[in-house]
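Let me begin by presenting the structure, written as structure tokens, before commenting on it.
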Amino acid sequence: MMNVMIAEDDFRVAGIHEQFLEKIADVRVVGKAQTAAETLERAEETQPDLILLDVYLPDKLGTDILGALRQRYPQVAVVLITAATEKAIFSEALKFGATDYLVKPIAFDRLEKAVEKARQVKAFFVKDEHINQTVADHFFQIQQESQAKAEELPKGIDPLTLDKVRALLSEEAEGITAEQMGQKFGASRTTSRRYLEYLISVNEAKAELEYGVVGRPERKYHGL
């Protein structure tokens, strides 16, 4: 059983995270926190296996308490959740050993992968008493695969932005135009279309022409 704590100041967002977690087998939400200080307190009380940690908490940034969490609970997996796309935030997450990094809005399948990664980390520490090269290679395999995928991305495609576009596209059951997508994640129509066309090229999306009452037909994108 994976015991998970949610650190998120917006109760509605925390509720969405909890609903997602309830769909994943052998996962239990053992506590919630709305501030950085409360996160540290609740972690002591609940002893979670995984903390879903929002960056923008009212009293401190989530990244500001990553070091304290790592020092007090070295075997607890921490998944950082944020709407921020600044490299400084991402750098802090890497520096203090965040297990994963999710950009809002979160897609269920991406959260499920993050939980599974945390589950593997938990199993690793429970099972292995001694470290050899084979064990080390297996432990770092997920990170290596993730880095390899990032390196394969074409020029102009940022992995964090790409994940955000994927998540937004998954929410649009009726499809979305490049202009509409750009408005959702704060980019130009040209930039938005670049990401959407990339998703088509890797068979993660499709596009259809939609004819309106007047004017030219629009290219509408759908997730697969």
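No value in this document is a laboratory result; all are computed from the given coordinates. Bear in mind that the values here come from a model prediction, so they are computed numbers and not experimental data. For neighbour counting, all protein chains shown are included, and Cβ atoms are generated from backbone atoms with ideal geometry for every residue, glycine included.
A few notes on this one:
- Inter-label distance, nm, simple model (7 Å from Cα along the C-beta direction), Gln19/Glu86: 3.1 nm
- Residues whose amide H comes within less than 5 Å of that of Val29, counting only those at least five positions distant or on another chain, are Val4 (H built at 1.01 Å from N in the peptide plane).
- A cut-off of 5 Å between modelled amide H atoms, ignoring neighbours fewer than 5 places along the same chain, links Thr177 with Tyr221.
- Distances between placed amide hydrogens fall under 5 Å for Lys60 paired with Ala36, all partners being 5 or more residues away or on another chain.
- Cross-link reach is defined here as a Cα-Cα straight distance under 19 Å, omitting same-chain residues fewer than 8 places apart; for Lys113 the lysines meeting it are Lys23, Lys104, Lys122, Lys149, Lys164.
- Using θ = phi - 60° and Karplus 6.51 cos²θ - 1.76 cosθ + 1.60, couplings along the stretch 13-24 (whole Hz; Gly, Pro as x): 5, 4, x, 5, 4, 5, 4, 4, 5, 5, 7, 9
- Karplus (6.51, -1.76, 1.60) ³J(HN,Hα), θ = phi - 60°, over the stretch 162-174, in Hz, Gly and Pro reported as x: 4, 4, 5, 5, 4, 5, 5, 5, 5, 8, 9, 4, 8
- Where [x] 65, 41, 34; [y] 59, 44, 27; [z] 89, 34, 30 are the candidate values, the label of the one calculated here for Cα extents along the principal axes in Å is [x].
- In order along the stretch 187-198, the phi-based Karplus estimate (6.51 cos²θ - 1.76 cosθ + 1.60, θ = phi - 60°) of 3J(HN,Hα) comes to 9, 6, 4, 5, 5, 4, 5, 4, 5, 5, 5, 5 Hz; Gly and Pro are listed as x.
- In percent, rounded to a whole number, the relative contact order of the chain is 13, using alpha-carbon pairs under 8 Å and six or more apart.
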